[in-house]
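*Asks:* Questions regarding the structure given below will be posed in turn.
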Amino acid sequence: MSAPGPASRLLITGGAGFIGSCYVRDVLARRDGTRITVLDKLTYAGNRANLAPVEADSEQAARFSFVRGDIADPEVVGPLVAEADAVVNFAAESHVDRSILDPTAFLRTGVDGVHVLLEAVRRETERAPAGGRRAEPRFLQVSTDEVYGSVAAGFSREGDPLAPRSPYAAAKAAGELLARSYHVTYGLDVVITRGANTYGPYHHPEKLIPLFVTNALDDRALPLYGDGMQVRDWLYVADHAGAIDHVLRRGNAGEVYNVPGAAELPNRDVVAQLLARLGKPWSLVRFVEDRPGHDRRYAMDGAKLASLGWTNQVAFADGLAATIDWFRANEAWWRAARSGEWDAYYDRQYAGRLASADAVAEVSPGAQAAAGAEAVPADVAPGGQPAETEA
Ligand code: NAD
Ligand code: DAU
(Lines give C-alpha, C1' and ligand atoms only; values in the text may rest on other atoms or scores of the structure.)
(Ligands and ions follow the chains in the order given, each with its own letter.)
Protein backbone atom coordinates (compact mmCIF):
# COMPACT_ATOMS: atom_id res chain seq x y z
CA MET A 1 0.00 0.00 0.00
CA SER A 2 1.20 3.50 -0.85
CA ALA A 3 -1.27 5.99 0.61
CA PRO A 4 -0.20 9.53 -0.30
CA GLY A 5 1.24 11.73 2.44
CA PRO A 6 1.71 15.52 2.48
CA ALA A 7 3.28 17.13 -0.59
CA SER A 8 1.94 14.39 -2.82
CA ARG A 9 0.76 14.82 -6.40
CA LEU A 10 -2.93 14.08 -6.84
CA LEU A 11 -4.87 13.64 -10.08
CA ILE A 12 -8.46 14.64 -9.35
CA THR A 13 -10.81 13.59 -12.14
CA GLY A 14 -14.17 15.37 -12.20
CA GLY A 15 -12.62 18.05 -9.99
CA ALA A 16 -14.69 20.87 -11.53
CA GLY A 17 -17.96 19.35 -10.30
CA PHE A 18 -19.78 19.78 -7.00
CA ILE A 19 -17.95 17.40 -4.62
CA GLY A 20 -14.67 17.21 -6.55
CA SER A 21 -14.22 20.99 -6.49
CA CYS A 22 -14.89 21.07 -2.75
CA TYR A 23 -12.19 18.42 -2.34
CA VAL A 24 -9.73 20.48 -4.42
CA ARG A 25 -10.50 23.74 -2.60
CA ASP A 26 -10.24 22.14 0.85
CA VAL A 27 -7.05 20.15 0.23
CA LEU A 28 -5.18 23.05 -1.39
CA ALA A 29 -6.32 25.42 1.40
CA ARG A 30 -4.37 23.28 3.90
CA ARG A 31 -1.15 24.61 2.32
CA ASP A 32 0.75 21.40 3.03
CA GLY A 33 2.52 21.30 -0.32
CA THR A 34 0.05 18.93 -2.02
CA ARG A 35 -0.06 19.46 -5.79
CA ILE A 36 -3.31 18.84 -7.66
CA THR A 37 -4.07 18.36 -11.33
CA VAL A 38 -7.76 18.39 -12.22
CA LEU A 39 -8.86 16.46 -15.31
CA ASP A 40 -12.42 17.40 -16.20
CA LYS A 41 -14.46 17.21 -19.39
CA LEU A 42 -16.52 20.26 -18.34
CA THR A 43 -19.87 18.70 -19.16
CA TYR A 44 -22.96 20.78 -18.36
CA ALA A 45 -22.23 19.92 -14.68
CA GLY A 46 -18.55 20.89 -14.68
CA ASN A 47 -17.68 24.52 -14.01
CA ARG A 48 -14.27 26.25 -13.89
CA ALA A 49 -15.87 28.89 -11.64
CA ASN A 50 -16.03 26.23 -8.90
CA LEU A 51 -12.23 26.37 -8.81
CA ALA A 52 -11.96 30.18 -8.92
CA PRO A 53 -11.04 30.49 -5.20
CA VAL A 54 -7.99 28.30 -5.85
CA GLU A 55 -6.94 30.16 -8.97
CA ALA A 56 -7.31 33.51 -7.18
CA ASP A 57 -4.82 32.52 -4.46
CA SER A 58 -1.25 32.65 -5.81
CA GLU A 59 0.18 30.08 -3.37
CA GLN A 60 -2.59 27.59 -4.16
CA ALA A 61 -2.59 28.39 -7.88
CA ALA A 62 1.12 27.48 -8.02
CA ARG A 63 0.26 23.95 -6.84
CA PHE A 64 -2.74 23.57 -9.16
CA SER A 65 -3.24 22.80 -12.83
CA PHE A 66 -6.31 22.14 -14.93
CA VAL A 67 -6.67 19.90 -17.99
CA ARG A 68 -9.88 19.79 -19.96
CA GLY A 69 -10.37 16.23 -21.17
CA ASP A 70 -12.29 12.97 -20.96
CA ILE A 71 -11.39 10.16 -18.55
CA ALA A 72 -12.38 7.77 -21.35
CA ASP A 73 -9.53 9.13 -23.54
CA PRO A 74 -6.36 7.05 -22.93
CA GLU A 75 -4.13 9.61 -24.70
CA VAL A 76 -5.06 12.26 -22.16
CA VAL A 77 -5.21 10.00 -19.13
CA GLY A 78 -1.91 8.09 -19.53
CA PRO A 79 0.59 10.96 -19.06
CA LEU A 80 -1.42 12.47 -16.19
CA VAL A 81 -1.54 9.21 -14.26
CA ALA A 82 2.20 8.78 -14.87
CA GLU A 83 2.77 12.02 -12.92
CA ALA A 84 0.44 11.19 -10.02
CA ASP A 85 0.95 9.56 -6.61
CA ALA A 86 -2.80 8.94 -6.42
CA VAL A 87 -5.91 9.29 -8.57
CA VAL A 88 -9.25 10.23 -7.02
CA ASN A 89 -12.05 9.64 -9.50
CA PHE A 90 -15.06 11.91 -8.97
CA ALA A 91 -15.87 12.04 -12.71
CA ALA A 92 -19.33 10.71 -13.51
CA GLU A 93 -22.66 11.68 -14.89
CA SER A 94 -24.34 12.13 -11.53
CA HIS A 95 -28.07 12.86 -11.97
CA VAL A 96 -30.52 9.94 -11.69
CA ASP A 97 -33.29 11.71 -13.66
CA ARG A 98 -30.95 12.32 -16.60
CA SER A 99 -29.90 8.65 -16.52
CA ILE A 100 -33.56 7.74 -16.95
CA LEU A 101 -33.92 10.12 -19.92
CA ASP A 102 -30.73 8.75 -21.58
CA PRO A 103 -28.21 6.36 -19.95
CA THR A 104 -25.58 6.48 -22.75
CA ALA A 105 -23.17 9.02 -21.22
CA PHE A 106 -23.50 7.33 -17.81
CA LEU A 107 -22.08 4.10 -19.21
CA ARG A 108 -19.35 5.78 -21.23
CA THR A 109 -17.97 7.70 -18.26
CA GLY A 110 -18.97 5.32 -15.46
CA VAL A 111 -17.74 2.12 -17.10
CA ASP A 112 -15.47 2.90 -20.10
CA GLY A 113 -13.95 5.94 -18.36
CA VAL A 114 -13.21 4.03 -15.16
CA HIS A 115 -11.69 1.25 -17.27
CA VAL A 116 -9.33 3.70 -19.02
CA LEU A 117 -8.23 5.14 -15.66
CA LEU A 118 -7.64 1.66 -14.22
CA GLU A 119 -5.57 0.59 -17.23
CA ALA A 120 -3.35 3.66 -16.79
CA VAL A 121 -2.98 2.94 -13.05
CA ARG A 122 -2.16 -0.67 -13.88
CA ARG A 123 0.64 0.39 -16.24
CA GLU A 124 2.09 2.69 -13.57
CA THR A 125 1.76 -0.01 -10.91
CA GLU A 126 3.78 -2.36 -13.10
CA ARG A 127 6.51 0.27 -13.60
CA ALA A 128 7.06 0.82 -9.86
CA PRO A 129 8.95 -2.38 -8.87
CA ALA A 130 11.46 -1.85 -11.68
CA GLY A 131 12.19 1.66 -10.36
CA GLY A 132 10.23 3.36 -13.16
CA ARG A 133 8.47 5.51 -10.56
CA ARG A 134 8.82 6.13 -6.84
CA ALA A 135 5.78 4.08 -5.70
CA GLU A 136 2.67 2.49 -7.12
CA PRO A 137 -0.24 4.91 -7.43
CA ARG A 138 -3.32 4.60 -5.23
CA PHE A 139 -6.73 4.73 -6.96
CA LEU A 140 -9.81 5.93 -5.08
CA GLN A 141 -13.16 5.39 -6.78
CA VAL A 142 -15.90 7.69 -5.50
CA SER A 143 -19.06 5.59 -5.44
CA THR A 144 -22.51 6.00 -3.92
CA ASP A 145 -25.01 4.52 -1.48
CA GLU A 146 -27.31 4.04 -4.49
CA VAL A 147 -25.43 0.85 -5.41
CA TYR A 148 -27.24 -0.91 -2.51
CA GLY A 149 -30.63 -0.09 -4.02
CA SER A 150 -33.63 0.84 -1.91
CA VAL A 151 -33.27 -0.16 1.76
CA ALA A 152 -36.66 -0.83 3.41
CA ALA A 153 -35.26 -1.16 6.94
CA GLY A 154 -31.91 -1.23 8.71
CA PHE A 155 -28.59 0.06 7.41
CA SER A 156 -26.47 -1.13 4.48
CA ARG A 157 -23.06 -2.50 5.37
CA GLU A 158 -20.12 -2.70 2.99
CA GLY A 159 -20.46 -6.47 2.47
CA ASP A 160 -24.15 -6.34 1.54
CA PRO A 161 -25.16 -7.36 -1.98
CA LEU A 162 -25.39 -4.60 -4.58
CA ALA A 163 -28.84 -4.06 -6.10
CA PRO A 164 -28.75 -0.85 -8.17
CA ARG A 165 -32.12 0.17 -9.62
CA SER A 166 -31.46 3.13 -11.96
CA PRO A 167 -29.08 3.35 -14.94
CA TYR A 168 -27.03 5.86 -12.89
CA ALA A 169 -26.72 3.47 -9.94
CA ALA A 170 -25.99 0.50 -12.23
CA ALA A 171 -23.17 2.43 -13.94
CA LYS A 172 -21.74 3.37 -10.53
CA ALA A 173 -21.92 -0.26 -9.36
CA ALA A 174 -20.20 -1.40 -12.56
CA GLY A 175 -17.42 1.17 -12.12
CA GLU A 176 -16.63 0.21 -8.55
CA LEU A 177 -16.81 -3.54 -9.28
CA LEU A 178 -14.34 -3.03 -12.11
CA ALA A 179 -12.05 -1.11 -9.74
CA ARG A 180 -12.27 -3.89 -7.18
CA SER A 181 -11.52 -6.51 -9.85
CA TYR A 182 -8.28 -4.65 -10.71
CA HIS A 183 -7.26 -4.88 -7.06
CA VAL A 184 -7.98 -8.62 -6.90
CA THR A 185 -6.59 -9.55 -10.32
CA TYR A 186 -3.70 -7.14 -10.86
CA GLY A 187 -2.93 -6.08 -7.28
CA LEU A 188 -3.77 -2.40 -7.80
CA ASP A 189 -3.97 -0.25 -4.67
CA VAL A 190 -7.69 0.51 -4.88
CA VAL A 191 -10.00 2.01 -2.24
CA ILE A 192 -13.70 2.76 -2.72
CA THR A 193 -16.05 5.15 -0.91
CA ARG A 194 -19.86 4.98 -1.01
CA GLY A 195 -21.23 8.40 -0.13
CA ALA A 196 -24.71 9.44 0.92
CA ASN A 197 -26.83 12.27 -0.57
CA THR A 198 -24.56 15.28 -0.54
CA TYR A 199 -25.60 18.95 -0.42
CA GLY A 200 -23.88 22.31 0.00
CA PRO A 201 -22.46 25.31 -1.89
CA TYR A 202 -21.78 24.87 -5.65
CA HIS A 203 -24.40 22.06 -5.90
CA HIS A 204 -25.78 21.91 -9.45
CA PRO A 205 -29.38 23.22 -9.47
CA GLU A 206 -30.73 20.04 -11.09
CA LYS A 207 -30.64 18.26 -7.67
CA LEU A 208 -33.42 18.45 -5.05
CA ILE A 209 -32.07 20.99 -2.55
CA PRO A 210 -30.52 23.51 -4.98
CA LEU A 211 -33.43 23.13 -7.43
CA PHE A 212 -35.98 23.88 -4.75
CA VAL A 213 -33.93 26.71 -3.22
CA THR A 214 -33.40 28.45 -6.57
CA ASN A 215 -37.01 27.86 -7.73
CA ALA A 216 -38.30 29.18 -4.40
CA LEU A 217 -36.09 32.28 -4.64
CA ASP A 218 -37.89 32.97 -7.94
CA ASP A 219 -41.34 32.00 -6.50
CA ARG A 220 -41.58 29.13 -8.96
CA ALA A 221 -43.29 25.78 -8.39
CA LEU A 222 -41.37 23.05 -6.51
CA PRO A 223 -41.97 19.66 -8.21
CA LEU A 224 -42.00 17.05 -5.42
CA TYR A 225 -42.07 13.49 -6.77
CA GLY A 226 -44.76 11.02 -5.69
CA ASP A 227 -45.83 11.39 -2.08
CA GLY A 228 -42.57 13.12 -1.05
CA MET A 229 -41.95 10.52 1.65
CA GLN A 230 -38.76 9.08 0.12
CA VAL A 231 -35.96 9.09 2.68
CA ARG A 232 -32.40 10.29 2.04
CA ASP A 233 -29.48 10.61 4.49
CA TRP A 234 -28.01 14.11 3.97
CA LEU A 235 -24.25 14.65 4.05
CA TYR A 236 -22.65 18.11 3.95
CA VAL A 237 -20.25 18.43 1.02
CA ALA A 238 -17.18 19.35 3.11
CA ASP A 239 -17.79 16.26 5.26
CA HIS A 240 -18.04 14.07 2.15
CA ALA A 241 -14.84 15.53 0.69
CA GLY A 242 -13.09 15.18 4.07
CA ALA A 243 -14.13 11.55 4.40
CA ILE A 244 -12.83 10.80 0.90
CA ASP A 245 -9.48 12.36 1.80
CA HIS A 246 -9.39 10.39 5.06
CA VAL A 247 -9.93 7.12 3.17
CA LEU A 248 -7.33 8.13 0.58
CA ARG A 249 -4.71 8.59 3.34
CA ARG A 250 -5.76 5.86 5.80
CA GLY A 251 -8.00 3.35 4.04
CA ASN A 252 -6.86 -0.21 3.51
CA ALA A 253 -6.23 -1.38 -0.05
CA GLY A 254 -9.10 -3.36 -1.54
CA GLU A 255 -11.62 -2.03 1.00
CA VAL A 256 -14.93 -0.23 0.59
CA TYR A 257 -16.02 2.47 3.08
CA ASN A 258 -19.56 3.77 3.54
CA VAL A 259 -19.77 7.55 4.06
CA PRO A 260 -23.16 8.14 5.70
CA GLY A 261 -24.67 11.54 6.34
CA ALA A 262 -25.89 13.28 9.44
CA ALA A 263 -29.66 13.27 8.88
CA GLU A 264 -32.12 10.65 7.63
CA LEU A 265 -35.12 12.69 6.46
CA PRO A 266 -38.17 12.32 4.19
CA ASN A 267 -38.04 14.72 1.25
CA ARG A 268 -41.07 16.60 2.57
CA ASP A 269 -39.23 17.48 5.76
CA VAL A 270 -36.21 18.71 3.81
CA VAL A 271 -38.49 20.91 1.69
CA ALA A 272 -40.34 22.19 4.76
CA GLN A 273 -37.05 23.14 6.41
CA LEU A 274 -35.68 24.92 3.36
CA LEU A 275 -38.91 26.86 2.82
CA ALA A 276 -38.91 27.90 6.48
CA ARG A 277 -35.33 29.16 6.19
CA LEU A 278 -36.18 31.04 2.98
CA GLY A 279 -39.42 32.44 4.42
CA LYS A 280 -41.38 31.03 1.45
CA PRO A 281 -44.80 29.30 1.60
CA TRP A 282 -45.55 25.59 1.29
CA SER A 283 -48.06 26.48 -1.45
CA LEU A 284 -45.11 26.58 -3.89
CA VAL A 285 -44.94 22.77 -3.67
CA ARG A 286 -46.52 20.67 -6.43
CA PHE A 287 -46.88 16.91 -5.96
CA VAL A 288 -45.95 15.61 -9.41
CA GLU A 289 -45.66 12.26 -11.18
CA ASP A 290 -43.02 10.10 -9.50
CA ARG A 291 -39.54 9.23 -10.79
CA PRO A 292 -39.71 5.74 -12.40
CA GLY A 293 -38.16 3.10 -10.12
CA HIS A 294 -37.77 5.73 -7.38
CA ASP A 295 -35.73 4.30 -4.49
CA ARG A 296 -37.71 4.74 -1.28
CA ARG A 297 -34.88 4.93 1.22
CA TYR A 298 -31.09 4.92 1.48
CA ALA A 299 -29.37 4.38 4.82
CA MET A 300 -25.85 3.17 5.57
CA ASP A 301 -23.92 1.91 8.58
CA GLY A 302 -20.82 4.06 9.08
CA ALA A 303 -18.99 1.93 11.67
CA LYS A 304 -16.18 0.92 9.30
CA LEU A 305 -15.31 4.53 8.42
CA ALA A 306 -15.63 5.56 12.08
CA SER A 307 -13.11 2.85 12.99
CA LEU A 308 -10.63 4.60 10.64
CA GLY A 309 -11.09 7.70 12.82
CA TRP A 310 -13.48 9.79 10.71
CA THR A 311 -16.41 11.79 12.14
CA ASN A 312 -18.71 14.20 10.25
CA GLN A 313 -18.55 17.78 11.49
CA VAL A 314 -21.67 19.49 10.12
CA ALA A 315 -25.23 18.97 11.43
CA PHE A 316 -28.02 19.15 8.85
CA ALA A 317 -29.63 22.37 10.18
CA ASP A 318 -26.26 24.17 10.05
CA GLY A 319 -25.33 22.77 6.64
CA LEU A 320 -28.72 23.68 5.18
CA ALA A 321 -28.49 27.22 6.55
CA ALA A 322 -24.98 27.64 5.13
CA THR A 323 -26.12 26.25 1.77
CA ILE A 324 -29.12 28.55 1.50
CA ASP A 325 -27.01 31.55 2.50
CA TRP A 326 -24.48 30.61 -0.19
CA PHE A 327 -27.14 30.36 -2.90
CA ARG A 328 -28.59 33.70 -1.82
CA ALA A 329 -25.15 35.30 -2.05
CA ASN A 330 -24.18 33.64 -5.36
CA GLU A 331 -27.09 34.31 -7.67
CA ALA A 332 -24.84 34.87 -10.70
CA TRP A 333 -23.36 31.38 -10.21
CA TRP A 334 -26.71 29.57 -10.13
CA ARG A 335 -28.29 31.63 -12.88
CA ALA A 336 -25.32 30.67 -15.11
CA ALA A 337 -25.81 27.00 -14.16
CA ARG A 338 -29.47 27.37 -15.13
CA SER A 339 -28.61 28.57 -18.66
CA GLY A 340 -27.57 26.89 -21.91
CA GLU A 341 -29.20 23.49 -22.17
CA TRP A 342 -31.05 24.01 -18.85
CA ASP A 343 -34.41 25.11 -20.29
CA ALA A 344 -34.57 22.14 -22.69
CA TYR A 345 -33.74 19.74 -19.84
CA TYR A 346 -36.18 21.42 -17.45
CA ASP A 347 -39.04 21.27 -19.95
CA ARG A 348 -38.36 17.63 -20.74
CA GLN A 349 -38.19 16.65 -17.07
CA TYR A 350 -40.89 18.86 -15.57
CA ALA A 351 -43.26 20.55 -18.06
CA GLY A 352 -45.59 17.54 -18.37
CA ARG A 353 -45.38 16.75 -14.67
CA LEU A 354 -46.20 20.32 -13.62
CA ALA A 355 -48.96 20.65 -16.21
CA SER A 356 -50.73 17.51 -14.94
CA ALA A 357 -50.20 18.49 -11.30
CA ASP A 358 -51.82 21.84 -11.99
CA ALA A 359 -54.62 20.16 -13.99
CA VAL A 360 -55.37 17.89 -11.03
CA ALA A 361 -55.48 20.91 -8.74
CA GLU A 362 -57.91 22.69 -11.06
CA VAL A 363 -60.24 19.71 -11.41
CA SER A 364 -60.25 18.96 -7.70
CA PRO A 365 -58.96 21.57 -5.27
CA GLY A 366 -58.67 18.88 -2.56
CA ALA A 367 -56.50 16.58 -4.66
CA GLN A 368 -53.18 17.90 -3.47
CA ALA A 369 -54.20 17.66 0.16
CA ALA A 370 -55.27 14.08 -0.53
CA ALA A 371 -51.84 13.49 -2.06
CA GLY A 372 -50.34 14.29 1.30
CA ALA A 373 -50.11 18.03 1.87
CA GLU A 374 -51.93 17.57 5.17
CA ALA A 375 -48.75 16.07 6.65
CA VAL A 376 -46.82 19.29 6.15
CA PRO A 377 -45.98 21.07 9.40
CA ALA A 378 -48.43 23.91 10.01
CA ASP A 379 -45.72 26.51 10.51
CA VAL A 380 -44.51 26.14 6.94
CA ALA A 381 -47.90 25.67 5.31
CA PRO A 382 -49.41 29.08 5.86
CA GLY A 383 -51.36 28.91 2.58
CA GLY A 384 -49.50 31.91 1.17
CA GLN A 385 -49.61 33.06 -2.42
CA PRO A 386 -50.21 30.32 -5.03
CA ALA A 387 -47.26 29.06 -7.03
CA GLU A 388 -46.94 30.30 -10.57
CA THR A 389 -48.00 27.86 -13.25
CA GLU A 390 -45.06 26.74 -15.42
CA ALA A 391 -45.35 25.63 -19.00
P1 NAD B 1 -21.18 16.54 -10.61
O2 NAD B 1 -22.12 16.12 -11.69
O3 NAD B 1 -21.38 17.83 -9.92
O4 NAD B 1 -19.69 16.57 -11.18
C5 NAD B 1 -19.19 15.60 -12.05
C6 NAD B 1 -17.95 16.19 -12.70
O7 NAD B 1 -17.39 15.17 -13.56
C8 NAD B 1 -18.22 17.41 -13.59
O9 NAD B 1 -17.25 18.40 -13.35
C10 NAD B 1 -18.11 16.86 -15.01
O11 NAD B 1 -17.69 17.84 -15.95
C12 NAD B 1 -17.07 15.77 -14.81
N13 NAD B 1 -17.14 14.71 -15.83
C14 NAD B 1 -18.23 14.04 -16.25
N15 NAD B 1 -17.90 13.14 -17.19
C16 NAD B 1 -16.55 13.24 -17.35
C17 NAD B 1 -15.62 12.57 -18.17
N18 NAD B 1 -15.99 11.61 -19.04
N19 NAD B 1 -14.31 12.92 -18.09
C20 NAD B 1 -13.92 13.91 -17.23
N21 NAD B 1 -14.76 14.57 -16.44
C22 NAD B 1 -16.07 14.25 -16.50
O23 NAD B 1 -21.15 15.32 -9.58
P24 NAD B 1 -20.95 15.33 -8.00
O25 NAD B 1 -22.27 15.46 -7.36
O26 NAD B 1 -19.86 16.24 -7.65
O27 NAD B 1 -20.48 13.82 -7.79
C28 NAD B 1 -19.09 13.49 -7.87
C29 NAD B 1 -18.95 11.99 -7.69
O30 NAD B 1 -19.52 11.61 -6.44
C31 NAD B 1 -19.69 11.17 -8.75
O32 NAD B 1 -18.88 10.06 -9.05
C33 NAD B 1 -20.97 10.74 -8.04
O34 NAD B 1 -21.43 9.52 -8.57
C35 NAD B 1 -20.48 10.58 -6.62
N36 NAD B 1 -21.47 10.78 -5.56
C37 NAD B 1 -22.26 11.90 -5.57
C38 NAD B 1 -23.16 12.09 -4.51
C39 NAD B 1 -24.06 13.31 -4.48
O40 NAD B 1 -25.00 13.33 -3.66
N41 NAD B 1 -23.83 14.34 -5.27
C42 NAD B 1 -23.25 11.15 -3.48
C43 NAD B 1 -22.43 10.01 -3.53
C44 NAD B 1 -21.53 9.85 -4.57
O1 DAU C 1 -27.53 8.96 -2.58
C2 DAU C 1 -26.42 9.44 -3.29
C3 DAU C 1 -26.90 10.04 -4.59
O4 DAU C 1 -27.60 11.23 -4.24
C5 DAU C 1 -25.77 10.35 -5.55
O6 DAU C 1 -25.14 9.15 -5.91
C7 DAU C 1 -26.31 11.08 -6.79
O8 DAU C 1 -25.25 11.47 -7.63
C9 DAU C 1 -27.06 12.31 -6.33
O10 DAU C 1 -27.64 12.98 -7.44
C11 DAU C 1 -28.14 11.94 -5.33
O12 DAU C 1 -29.18 11.15 -5.95
P13 DAU C 1 -30.74 11.36 -5.62
O14 DAU C 1 -31.53 10.85 -6.76
O15 DAU C 1 -31.08 10.86 -4.27
O16 DAU C 1 -30.76 12.98 -5.55
P17 DAU C 1 -31.79 14.05 -6.15
O18 DAU C 1 -31.37 15.38 -5.62
O19 DAU C 1 -31.99 13.90 -7.60
O20 DAU C 1 -33.13 13.64 -5.42
C21 DAU C 1 -33.24 13.60 -4.00
C22 DAU C 1 -34.65 13.16 -3.67
O23 DAU C 1 -35.56 14.20 -4.07
C24 DAU C 1 -35.10 11.91 -4.40
O25 DAU C 1 -35.96 11.15 -3.55
C26 DAU C 1 -35.88 12.45 -5.58
C27 DAU C 1 -36.50 13.72 -5.02
N28 DAU C 1 -36.74 14.80 -6.00
C29 DAU C 1 -35.68 15.20 -6.76
C30 DAU C 1 -35.84 16.19 -7.71
C31 DAU C 1 -34.68 16.63 -8.56
C32 DAU C 1 -37.98 15.39 -6.13
O33 DAU C 1 -38.94 15.04 -5.42
N34 DAU C 1 -38.14 16.36 -7.08
C35 DAU C 1 -37.13 16.78 -7.88
O36 DAU C 1 -37.37 17.65 -8.75
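The values are calculated or read from the model by the stated rules, or taken from the named source; none is laboratory data. Values in this document were obtained by computation on a predicted structure and should not be read as measured data. Heads up, the Cβs are rebuilt from the backbone with ideal geometry, glycines too, and the neighbour counts pull from every protein chain shown.
*Asks:* It is to be established whether one or more residues within segment 214-228 are over 21 Å from residue 342 (Cβ atoms) and buried (at least 21 other Cβ atoms within 10 Å of the Cβ).
*Replies:* So far as segment 214-228 goes, yes, one or more of its residues are over 21 Å from residue 342 (Cβ atoms) and buried (at least 21 other Cβ atoms within 10 Å of the Cβ).
*Asks:* Looking at 32, 40 in this structure, which one is in contact (Cβ under 8 Å) with a residue 40 or more places away in the chain and charged (D, E, K, R)?
*Replies:* 40
*Asks:* Further, regarding this structure: Pairs please, first residue from segment 281-294 and away from ligand 1 (no atom under 16 Å from the Cβ), second anywhere and part of a strand (DSSP E or B), Cβ atoms under 6 Å, 6+ apart in sequence or on different chains.
*Replies:* 284/222; 285/222; 285/224; 286/223; 287/224; 288/223; 290/225
*Asks:* Here is a follow-up. Could you tell me which numbered condition residue 26 fails, if it satisfies all but one of (1) under 23 Å from residue 106 (Cα atoms); (2) in contact (Cβ under 8 Å) with a residue 40 or more places away in the chain?
*Replies:* Status for residue 26: all satisfied but (1).
*Asks:* Since residue 12 meets every condition but one in (1) in contact (Cβ under 8 Å) with a residue 60 or more places away in the chain; (2) assigned to a loop (DSSP other than H, G, I, E, B); (3) under 23 Å from the mean Cα position of the chain (by Cα), which condition does it not meet?
*Replies:* (2)
*Asks:* Of the residues 211, 235, 224, only one is modelled with pLDDT of 95 or more and more than 14 Å from ligand 1 (Cβ to nearest atom); which?
*Replies:* 224
*Asks:* Where residues in segment 32-84 are hydroxyl-bearing (Ser, Thr, Tyr), over 25 Å from residue 345 (Cβ atoms) and surrounded by 14 or more Cβ atoms within 10 Å (Cβ to Cβ), which of them is farthest from ligand 1 (Cβ to nearest atom)?
*Replies:* 34
*Asks:* Pick from segment 92-144 the residues that are hydroxyl-bearing (Ser, Thr, Tyr), more than 17 Å from residue 12 (Cα to Cα) and within 14 Å of ligand 1 (Cβ to nearest atom): which of them is surrounded by the fewest Cβ atoms within 10 Å (Cβ to Cβ)?
*Replies:* Only one residue fits best here, namely 104.
*Asks:* Listed residues 299, 262, 306; which is among the small types (Gly, Ala, Ser) and away from ligand 1 (no atom under 16 Å from the Cβ)?
*Replies:* Exactly one of 299, 262, 306 is among the small types (Gly, Ala, Ser) and away from ligand 1 (no atom under 16 Å from the Cβ), namely 306.
*Asks:* Still on this structure: Where the second residue is of a type in the set (Phe, Trp, Tyr) and surrounded by fewer than 21 Cβ atoms within 10 Å (Cβ to Cβ) and the first is over 28 Å from residue 186 (Cβ atoms) and lies in segment 139-165, which pairs have Cβ atoms under 7 Å and are six or more apart or on separate chains?
*Replies:* none
*Asks:* Could you please find all residues in segment 176-231 being under 22 Å from residue 109 (Cα atoms), near ligand 2 (Cβ under 8 Å from one of its atoms) and either free of Cβ contacts under 8 Å to residues at least 24 places away in the same chain or not acidic (Asp, Glu) (or both)?
*Replies:* 195, 196, 197, 198, 207
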